[in-house]
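Notes for the one structure printed next.
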Amino acid sequence: MKQHNYELRIEWTGNTGEGTNTYRSYSRDYTITAEGKPQILGSSDPSFRGDPSRYNPEDLLVASLSACHMLSYLHLCAVNHVTVLDYRDSALGLMDENSDGSAQFTRVTLRPVVKALPSDDQTKAHALHDQAHHLCFIARSVNFPVDVAPTITKETVSPA
């Protein structure tokens with residue numbers, strides 16, 4: 001078995017002078033850094049006193065699922081002779097908050113819209129989403145359903 005390691009750093013940047021003296025005395029801001037990569041500015045969800053202009057862990061989890069599926073799908077298309085010209089996803093994650101303050105994701109739905117060449121097999125292009133879902137290691141690692149509802153469209157050729 002081959003093992004991959006992912007090392008990054010999280011630094012809380014939200015000490016406003018009092019530390020965590022009270023629930024309202026600190027910011028939830030943090031930065032994510034990794035060697036040779038741009039930093040990501042994070043915070044908590046605005047519902048939990050976070051900065052709405054920064055990514056929160058919930059955003060990043062849904063984005064990870066969406067990106068992993070896309071990259072698996074693009075790979076499968078390349079090796080199965082389906083030419084993808086455009087790929088966009090409007091992913092939606094659902095998280096339930098419990099009365100004790102805990103929470104968990106209950107479902108994520110990926111809604112990729114793929115534009116392929118008109119000559120490509122649209123049935124195959126659609127079916128490759130199932131294979132991509134099986135290959136996506138992020139989706140295989142979570143304990144809630146990840147649904148994939150793809151739309152395949154054909155590239156239209158503009159008249160000359």
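The values are calculated or read from the model by the stated rules, or taken from the named source; none is laboratory data. Computed from a prediction, not measured in an experiment: that's the story for all the values here. Please note: Cβ atoms are built from the backbone with ideal geometry, for glycine as well, and neighbour counts cover all protein chains shown.
Observations, loosely collected:
Each row is one residue, and each column tells you yes or no for (1) outside the structural domain of ALA149 (by TED's automatic domain parsing); (2) part of a loop (DSSP other than H, G, I, E, B); (3) modelled with pLDDT of 95 or more.
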site	(1), (2), (3)
THR20	yes, yes, no
SER44	yes, yes, no
LEU61	no, no, yes
ALA67	no, no, yes
HIS81	no, yes, no
VAL108	no, no, yes
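- Selection from the stretch 84-113 of residues that are touching a Lys or Arg at 6+ places or on another chain (Cβ under 8 Å) and surrounded by 15 or more Cβ atoms within 10 Å (Cβ to Cβ): VAL84, TYR87, ASP89, ALA91, GLY93, PRO112
- If you go through the stretch 1-29 and keep only what is closer than 23 Å to ILE138 by Cα and in contact with a strand residue (DSSP E or B) (Cβ under 8 Å, 6 or more places away or on another chain), you end up with LEU8, ARG9, ILE10.
- Against the test of being polar (S, T, N, Q), on the phi < 0 side of the Ramachandran plot and in contact with a Cys (Cβ under 8 Å, 6 or more places away or on another chain), the options SER119, SER47, SER72, SER43 yield a single qualifying residue, SER72.
- Residue match in the stretch 18-33 (condition: aromatic (Phe, Trp, Tyr) and surrounded by fewer than 14 Cβ atoms within 10 Å (Cβ to Cβ)): yes
- Residue in the stretch 58-77 that is over 18 Å from PHE137 (Cα atoms), touching a residue at least 24 places away in the same chain (Cβ under 8 Å) and over 18 Å from the mean Cα position of the chain (by Cα) present: no
- Each residue in the stretch 131-148 was checked for being exposed (fewer than 13 other Cβ atoms within 10 Å of the Cβ) and without any contact (Cβ under 8 Å) to a residue 60 or more places away in the chain, and 6 of them qualify.
- Annotation: of all residues in the stretch 83-106 being assigned to a loop (DSSP other than H, G, I, E, B) and closer than 30 Å to PHE48 by Cβ, the one that is modelled with the lowest pLDDT is GLY101.
- Among the residues here, ALA116 does not qualify as surrounded by 14 or more Cβ atoms within 10 Å (Cβ to Cβ), touching a strand residue (DSSP E or B) at 6+ places or on another chain (Cβ under 7 Å) and at pLDDT 95 or above.
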